[in-house]
1. Scan segment 182-195 for residues that are surrounded by fewer than 23 Cβ atoms within 10 Å (Cβ to Cβ) and either touching a Lys or Arg at 6+ places or on another chain (Cβ under 6 Å) or not assigned by TED's automatic domain parsing to the domain that holds L119 (or both) and report the count.
2. When you scan segment 104-118, do you find a residue that is outside any loop (DSSP other than H, G, I, E, B), farther than 14 Å from Y186 by Cα and without any contact (Cβ under 8 Å) to a residue 12 or more places away in the chain, even just one?
3. What is the residue count in segment 150-203 for residues that are at pLDDT 95 or above, farther than 23 Å from P84 by Cβ and of a type in the set (A, V, I, L, M, F, W, C)?
4. Is segment 32-46 home to any residue that is outside any helix (DSSP H, G or I), out of contact with any Pro (no Cβ under 8 Å at 6 or more places or on another chain) and either under 29 Å from V207 (Cβ atoms) or at pLDDT 90 or above (or both)?
5. For E169, work out the one condition from (1) under 27 Å from E235 (Cβ atoms); (2) in contact with a Pro (Cβ under 9 Å, 6 or more places away or on another chain) it doesn't fulfil.
6. Checking I217 against (1) more than 30 Å from D86 (Cα to Cα); (2) aliphatic (A, V, I, L, M); (3) surrounded by 22 or more Cβ atoms within 10 Å (Cβ to Cβ), only one condition comes out false. Which one?
Amino acid sequence: LLCLSSVLRDLPIRKVLTLHNIKTLPELGEHFYLRHLYKYTLKRAFSIWDKVLFVNKAQNLRMEEIIPPKKSVFIGNAIHPAKPCDDPFIKETVEKLQPEVFNILAVANLKASKGLDILINTVAQIKNEGKAVALWVVGDGEERTHLLELTLKMGLQQEVHLMLAKPNEIVRQLYPLFDLFALPSYRESFGIVYLEAMEAGIPVIGVKGQGIDGVVIDGENGMLCEPKDQASLYEKISWVMDNPEAAKEMAKKGQALVKEQYMMDDLIQRLRDIYEE
């Protein structure tokens, strides 16, 4: 960015930059002196831009010392409407779901930062209380073996189902089948899957301080747990299980928000307006 700023500085054009991830945060630097050098060079690198767009509200707030508020804009992210799909996998899933069980869905790349091990341990805690609960995970990745081993260790072969990744048109039809979407990811730039679940009208649990924080307002249109905190995640899931009607109302608010502000056509128009100012 610093090199690019030198090239673009004198060009008589409107300059707009979009930041998609949290790797630009100065505090992520490993060494004290490098963090301060990084912070200084970031100010120079961002100084030429007329607008800097953020998909992550927390990142937007944390960069205020470097980018003046008048230059920064939170734009979030967006999804397309779900497409009709009658893939046999959907019917198979419907047949496997037990109505007397509280069914939780997670959709993610199987990486450590997604917090799926925390989610599995939380399901074990709920099961040990005598409650009927099941977790269905859709995704592939490096943590699959570890998660399978954890499932066996906790004796959750009947409760935890690790499914392979599926195309988006199939996944979008799965969300409404479940009682809750929970993904305790503690390193998430945004998290499109949260929007997809909210648009489908089911309760959502994300993580405080991550990309979905600010879109999901804890206790209003969804739930946010503390990062890497099983007790906090347990509390949020238990609340949804114990308060089904209130959880449905919360989910309706989340659904309305996504349909009003986070659909792709709306995002495209917001971007056009910013670029054409």
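The values are calculated or read from the model by the stated rules, or taken from the named source; none is laboratory data. In this text the structure is predicted, and so the values were computed from the model without any measurement. Glycine gets a Cβ as well: all are built from the backbone with ideal geometry, and neighbour counts include every protein chain shown.
1. Count: 1.
2. For segment 104-118, residues outside any loop (DSSP other than H, G, I, E, B), farther than 14 Å from Y186 by Cα and without any contact (Cβ under 8 Å) to a residue 12 or more places away in the chain: absent.
3. 9
4. no
5. All conditions are met except number (1).
6. In the conditions (1) more than 30 Å from D86 (Cα to Cα); (2) aliphatic (A, V, I, L, M); (3) surrounded by 22 or more Cβ atoms within 10 Å (Cβ to Cβ), I217 misses (3) alone.
For (1) within 16 Å of E249 (Cβ to Cβ); (2) in contact with a helix residue (DSSP H, G or I) (Cβ under 7 Å, 6 or more places away or on another chain); (3) free of Cβ contacts under 8 Å to residues at least 40 places away in the same chain, each residue gets a yes or a no:
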position	(1), (2), (3)
R187	no, yes, no
D213	no, yes, no
G219	yes, no, yes
L224	no, no, yes
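Every residue, every condition in (1) outside the structural domain of L135 (by TED's automatic domain parsing); (2) free of Cβ contacts under 8 Å to residues at least 60 places away in the same chain; (3) crowded, with 16+ Cβ neighbours inside 10 Å, yes or no:
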residue: G201; (1), (2), (3): no, yes, yes
residue: L233; (1), (2), (3): no, no, yes
residue: M250; (1), (2), (3): no, yes, yes
residue: K253; (1), (2), (3): no, yes, no
